[in-house]
Amino acid sequence: MKDRIAAIFIAFFLGSFGGQYFYLGKTGRGVACLLLCWTFIPSLIGFYHTIIWLMMSDEAFNAEYNEGWAPTRSANVSDELAKLFILKEKGAITEQEYNARKAQLLG
């Protein structure tokens, strides 16, 4: 799994040579940056990535650069269970409905 903070540092310090692309597994772009490093264009791209990734959340970075990554659902599941419990206590759903939905959430 690629780390956003590591990518920021690599883009800042090695962006002139396309280091961030090699880190993220985009070797073709990294080689292109190596070939064009004398033009300072890769330096500008590395600086651009540094700024963008500083402003990006970890969730957005992971969704874009870490394939197969899914956010943890534990907070969402616990919130849903709490809502279900409140509905059961208020009588909006039966005990059987509560147990069925609880099993669905936890399964």
Pick from Thr50, Thr94: which is of a type in the set (S, T, N, Q), modelled with pLDDT of 85 or more and over 25 Å from Phe9 (Cβ atoms)? Thr94
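Residue by residue, here is whether (1) in contact (Cβ under 8 Å) with a residue 12 or more places away in the chain; (2) in a helix (DSSP H, G or I); (3) basic (Lys, Arg) holds:
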site: Ile5; (1), (2), (3): no, yes, no
site: Tyr21; (1), (2), (3): yes, yes, no
site: Gly30; (1), (2), (3): yes, yes, no
site: Phe47; (1), (2), (3): yes, yes, no
site: Ile52; (1), (2), (3): no, yes, no
site: Phe61; (1), (2), (3): yes, yes, no
site: Lys88; (1), (2), (3): no, yes, yes
site: Ala92; (1), (2), (3): no, no, no
Kindly establish whether Leu106 is loosely packed, with under 14 Cβ neighbours inside 10 Å and either of a type in the set (Phe, Trp, Tyr) or modelled with pLDDT under 95 (or both). yes
Of all residues in the range 1-11, count the ones that are buried (at least 18 other Cβ atoms within 10 Å of the Cβ) and over 16 Å from Glu59 (Cα atoms). 2
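The values are calculated or read from the model by the stated rules, or taken from the named source; none is laboratory data. Since we're looking at a predicted model, the values are computed, not measured. Note that we place each Cβ from the backbone using ideal geometry, even for glycine, and neighbour counts take in every protein chain shown.
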